[in-house]
1. Which residue, of A:115, A:77, is part of a helix (DSSP H, G or I), over 30 Å from residue A:178 (Cα atoms) and aromatic (Phe, Trp, Tyr)?
2. Name the residue, out of B:79, B:69, that is in contact (Cβ under 8 Å) with a residue 24 or more places away in the chain, surrounded by 17 or more Cβ atoms within 10 Å (Cβ to Cβ), closer than 18 Å to residue A:105 by Cα and away from every other protein chain (no Cβ under 11 Å).
3. I'd like the full set of residues that are within 14 Å of chain A (Cβ to nearest Cβ) and either touching a Pro at 6+ places or on another chain (Cβ under 6 Å) or in contact (Cβ under 8 Å) with a residue 24 or more places away in the chain (or both), limited to the range B:106-130.
4. Can you name the number of the only condition in (1) out of contact with any strand residue (DSSP E or B) (no Cβ under 7 Å at 6 or more places or on another chain); (2) at the interface with chain A (Cβ under 8 Å from one of its Cβ atoms) that residue B:84 fails?
5. Give me a count of the residues in the range B:82-135 that are closer than 21 Å to residue A:180 by Cα, charged (D, E, K, R) and exposed (fewer than 13 other Cβ atoms within 10 Å of the Cβ).
6. Check off (1) surrounded by 15 or more Cβ atoms within 10 Å (Cβ to Cβ); (2) more than 16 Å from the chain's Cα centre (by Cα); (3) not charged (D, E, K, R) for residue A:117 and give me the number that stays unchecked.
7. For the range A:162-186, which residues satisfy the criterion of being outside any loop (DSSP other than H, G, I, E, B), at the interface with chain B (Cβ under 9 Å from one of its Cβ atoms) and loosely packed, with under 14 Cβ neighbours inside 10 Å?
8. So residue B:64 ticks every box in (1) in a loop (DSSP other than H, G, I, E, B); (2) within 13 Å of chain A (Cβ to nearest Cβ); (3) open to solvent by less than 70 Å² (accessible area, probe 1.4 Å) but one. Which box is left unticked?
Amino acid sequence: MKRGGNKKFRRASKSTAKEDDDEDEYRVVFHRKRKETYHQYQIVGRRVPTEQEPTPQVYRMKLWALDATRARSKFWYFLSRLRKVKKANGQIIACNEIFEKDDTTVKNYGVWIRYQSRVGFHNAYKEYRETTMNAAVDALYTEMASRHRVRSHALQIIKIAEVANEDVRRENTRQFLADDVSFPVVRKTLRHDSKSQKTTFKYQRPNFAIL
Amino acid sequence: MVFCFLSVSRGESLSMSLVVVVVKSSGGERSMTFSARSWQRILTKTNIELGRVALVNLKADKLYGKLVVVVDLVDQNRVLVDAPGIKRCIINLKRLAITPIKLDTGRCPDAAALAAAHKGAAAEFAASKWGQKIARQSARKTLTDFDRFKVAIARSKRSAIVKKAMA
């Protein structure tokens, strides 16, 4: 899979104009869109300094977004709601991505969120078991979209914290914490080795006997 | 997650037999039905647990063919796996073939303990029928055209001897 490629779809109808062009002209190439994942950013911003206010208050915010541009946008969205600063009269001093050091141990993450449903606004607390906070945020957005039909724009993360095993609140998280947990894998289906070998219908020998 | 085996209902033939399991948790009770084949897998002790050794069997995965150890449980579909020479990572259970081997490494063992335990597990797996089959298949794959020819000759010789003996 190529990164960042656009969908290239060319038809052979214009072939008369460029006969000498190589066969690349007629090839139909679909690039699958790369899965976007959430990243943690630190944004620092303030009002633009003026003569009346030469050293304005500096604000720092840590937030999750798909890329730095969207992170900056989110920063202005939140800041304009919290303080009397907006993009038109403000400036961004720094925008850095925060990388996590430990991505090889599974941790419990508690997420406090606020979201807008078709009825109104709700506050909620959710727990995820993941190796990184970014993965937990990814899982959060996916779960909220599927279970509650909450789109990403209607979801605000209030706080994320690592939760100690004894402070875990959700049974679904707690059940994997004990050392003696043992469960079977049921309904295991045979899988094709690669996408090219995928078939919608798989031949299977009939399972009956004529006596 | 507590598994409580309540009733076993058996049909007339083996292919019809079903096993009903009642799962008790703080959320209440619910029953699960298993086919004979699934139940056989449960009986052969290929449960997911800490220290369970598994083989990555999805070709598309970068760990394909690796014998890995379950070092932590993430959720009911994913586990954290480790093996000497790889970076500890989460893998979906759909990509794993579970072996009957279980190590006493517990949760997140250090690299030295894991390597020591993995050595024994690898030897045990290689000695098993399953491991022998994989070794045979990979040996077959490395054969050259001439090697394959030699195998064909050897086979025909062997079958000639067998035919003679059986005649």
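1. One residue alone meets the criteria, A:77.
2. Exactly one residue qualifies, and that residue is B:69.
3. If the condition is that a residue be within 14 Å of chain A (Cβ to nearest Cβ) and either touching a Pro at 6+ places or on another chain (Cβ under 6 Å) or in contact (Cβ under 8 Å) with a residue 24 or more places away in the chain (or both), then B:106, B:107, B:108, B:109, B:111, B:114 are the ones that fit.
4. Answer for residue B:84: the failing condition is (2).
5. 2
6. (1)
7. Listed by number, the list holds a single entry, A:171.
8. The one condition residue B:64 does not meet is (3).
The values are calculated or read from the model by the stated rules, or taken from the named source; none is laboratory data. In this text the structure is predicted, and so the values were computed from the model without any measurement. Please note: Cβ atoms are built from the backbone with ideal geometry, for glycine as well, and neighbour counts cover all protein chains shown. Calculation scope for accessible area: heavy atoms of the full protein, side chains included, ligands and nucleic acids excluded. Shrake-Rupley method; radii C 1.70, N 1.55, O 1.52, S 1.80 Å.
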